[in-house]
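Notes to accompany the following structure.
The values are calculated or read from the model by the stated rules, or taken from the named source; none is laboratory data. The shown structure was predicted, so the numbers you read here are calculated from the model rather than taken from an experiment. As a convention, Cβ positions derive from the backbone with ideal geometry for all residues, glycine included, and neighbour counts pool all protein chains shown. These accessible areas exclude ligands, DNA and RNA; they are computed on the full protein's heavy atoms, side chains included. Shrake-Rupley method; radii C 1.70, N 1.55, O 1.52, S 1.80 Å.
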Amino acid sequence: PQECQACHAEIARTKAVSSHVMVKCTTCHTIEINHKVTPRIIKAGIPSEREFCSKCHSEKSSMKGLPTVDFTTHFEKYICWQCHDPHNPEVE
């Protein structure tokens, strides 16, 4: 994650005030070693399934104190990050 800030400083700054501040970049993103050499060709991977976010944010999650969502009814056709930017704080 510290290495990520070298190129992604703006994302690191906004993430610093988001609810995901304590989450390592590599928790959600898969990074191939060649991403550091050719980042415009080898992109970081992003979650492609809703189940990824539900690990922490479903009503049945063992993670306590986090916002929860009913994944059976909440916009089931979309992946969470298509509407919610996990790097930015959301206005409540």
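Touching a helix residue (DSSP H, G or I) at 6+ places or on another chain (Cβ under 6 Å) and without any contact (Cβ under 8 Å) to a residue 24 or more places away in the chain: which single residue out of 16, 12 fits that description? Step through it out loud before you land on a result.
On the way: 16 fails: touching a helix residue (DSSP H, G or I) at 6+ places or on another chain (Cβ under 6 Å).
Going through 16, 12 in turn, just one is touching a helix residue (DSSP H, G or I) at 6+ places or on another chain (Cβ under 6 Å) and without any contact (Cβ under 8 Å) to a residue 24 or more places away in the chain: 12.
Among the residues of the stretch 64-92, write down those that are open to solvent by 100 Å² or more (accessible area, probe 1.4 Å) and either in contact (Cβ under 8 Å) with a residue 60 or more places away in the chain or hydroxyl-bearing (Ser, Thr, Tyr) (or both).
Result: 72, 78, 90.
Please enumerate the residues belonging to the stretch 21-47 that are polar (S, T, N, Q), open to solvent by less than 60 Å² (accessible area, probe 1.4 Å) and under 22 Å from residue 86 (Cα atoms).
Just the residues of the stretch 21-47 that are polar (S, T, N, Q), to begin with: 26-27, 30, 34, 38.
Applying the additional criterion that residues be open to solvent by less than 60 Å² (accessible area, probe 1.4 Å) yields 38.
Selection gives nothing.
I need a count of the residues in the stretch 40-56 that are within 19 Å of residue 18 (Cα to Cα), out of contact with any Leu (no Cβ under 6 Å at 6 or more places or on another chain) and not hydroxyl-bearing (Ser, Thr, Tyr).
5
Considering 61, 18, which residue is among the hydroxyl-bearing types (Ser, Thr, Tyr), in contact with a His (Cβ under 9 Å, 6 or more places away or on another chain), surrounded by 11 or more Cβ atoms within 10 Å (Cβ to Cβ) and in a loop (DSSP other than H, G, I, E, B)?
Only one candidate passes the filter, namely 18.
Looking only at the stretch 1-10, how many residues end up being among the aliphatic types (A, V, I, L, M) and at pLDDT below 90?
Taking the stretch 1-10 first, the residues among the aliphatic types (A, V, I, L, M) are 6, 9.
Cutting the leftovers down to at pLDDT below 90 gives us 6.
Looking only at that region, the number is 1.
Return only the number of the condition from (1) outside any helix (DSSP H, G or I); (2) at pLDDT 90 or above that residue 76 does not satisfy.
Looking at each condition in turn, residue 76 falls short on (2).
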